[in-house]
Amino acid sequence: MTITEFHTEVKARLDKMDSLQLPNLLTSEIDLFLNQGQDRTVKQRYGLSNPKRQGYEETQKRTDDLKAITRTAVLAPLPASVDNIDSNARFFTLPADYWFIVQERVNITYPCGDTEETTDVEVRPIEHNEFTKSIYDPFKKPNKRKVLRLMENNQSEIIYAPGATLNSYKIRYIKKPIRMSYTGGVTCELSDHLHSEIVDECVKVILENIESIRLKTFIPAVDTTNE
């Protein structure tokens with residue numbers, strides 16, 4: 001759909017659901033609700049907040065749903081900082097459009113006898129309250145096969161084993177979709193087959209915001225089509 005078609009479809013579905021009893025919405029308001037509906041749709045497909053309880057890539061459709069906003073980046077470590085949680089930790093600045101991580105690997109070099117080996121290793125996400133336990137636990141602490149990862153202020157902080165060298169951090173991620181704008185002529189960049197579902201979510205958001213009593217009758221229709 002073009003952005004004009006999105007607006008037309010939203011108005012048509014609202015009129016059908018509420019028999020023209022809804023207040024007239026400004027163009028900027030419809031843009032706002034469309035973007036909220038778009039964000040909800042992405043979150044549903046990335047996680048498990050959907051009727052079929054299917055996560056990202058569990059079906060071909062889910063892969064196709066988000067392929068337009070899936071990106072890959074290879075990041076270099078920042079210099080050691082007093083803000084690092086450990087002497088064997090380095091920050092990596094995430095891309096400006098980063099939203100959710102799909103997959104991640106870290107490339108490290110570590111001593112191996114008289115030589116060195118370079119390899120990609122597993123990244124294990126942890127919370128800050130887990131750090132102290134994990135770093136001293138022989139089964140959880142970083143080693144030649146894995147590193148730990150914390151998130152801090154749009155940065156990943158990688159904690160690695162003593163003696164190892166961090167080379168790069170490779171992530172595949174979901175970026176935040178561009179904001180739709182009627183006046184700017186910016187339409188949805190997600191796959192075409194999601195457009196109708198985004199309109200459904202948009203209408204649901206509008207009905208929630210105006211506390212329409214017809215919301216209860218609209219939700220089942222939306223939920224059964226969001227696949």
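Some observations on this one:
- Greater than 23 Å apart at Cα, pairs in LYS43/LYS175; LYS43/LYS67; LYS146/LYS170; LYS43/LYS133: LYS43/LYS133
- Long-range amide H partners of LEU25 with built H, under 5 Å: none
- Per residue, in Å², the accessible surface of the stretch 72-163 once ligands and nucleic acids are set aside, probe 1.4 Å: 60 Å²
- Calculated FRET efficiency for the pair GLU127/SER87, C-beta based, R₀ 30 Å, to 0.05: 0.90
- Amide H contacts for SER168 (H built 1.01 Å from N in the peptide plane; partners 5 or more residues away or on another chain; cut-off under 5 Å): ASN107.
- Kirkwood Rh, Cα atoms: Rg over Rh of the stretch 111-169: 0.99
- Net charge, ILE85 excluded, C-beta distance under 10 Å - Lys, Arg +1, Asp, Glu -1: -4
- Residue-wise HN-Hα couplings along the stretch 172-178, as the Karplus relation 6.51 cos²θ - 1.76 cosθ + 1.60 with θ = phi - 60° gives them from phi, are 10, 9, 8, 8, 6, x, 4 Hz; Gly and Pro carry x.
- Ordering LEU26, LEU14 by accessible surface, largest first, gives LEU26, LEU14; the 1.4 Å probe counts only protein heavy atoms, with every chain in place.
- Extension gain (nm, one decimal) between THR115 and LYS141, 0.36 nm per residue minus Cα-Cα: 7.0 nm
- Among the GluC sites (Glu not before Pro) in the stretch 125-158, those located in a DSSP loop and surrounded by at most 16 other Cβ atoms within 10 Å of their own Cβ are GLU127, GLU152.
- Counted residue by residue at 0.36 nm each, then reduced by the alpha carbon distance between them, the extension gain from LYS176 to ILE210 reaches 9.6 nm.
- Positive minus negative residues near ILE135 (Lys, Arg vs Asp, Glu; Cβ under 14 Å): +1
- The residues neighbouring ASP97, those whose beta-carbon lies less than 14 Å from its own, together hold a net charge of +3 under the Lys/Arg +1, Asp/Glu -1 convention.
- When the residues THR183, THR4 are ordered by accessible surface, computed with a 1.4 Å probe over the protein chains alone, the sequence from largest down reads THR183, THR4.
- Sorting ARG90, ARG149 by solvent-accessible area of protein heavy atoms yields ARG90, ARG149, largest first, with a 1.4 Å probe.
The values are calculated or read from the model by the stated rules, or taken from the named source; none is laboratory data. This is a predicted model, so every value here is computed, not measured. Note: ideal-geometry Cβ built from the backbone for every residue, glycine included; neighbour counts use all protein chains shown. For accessibility, only protein heavy atoms count, side chains too; no ligands or nucleic acids. Shrake-Rupley method; radii C 1.70, N 1.55, O 1.52, S 1.80 Å.
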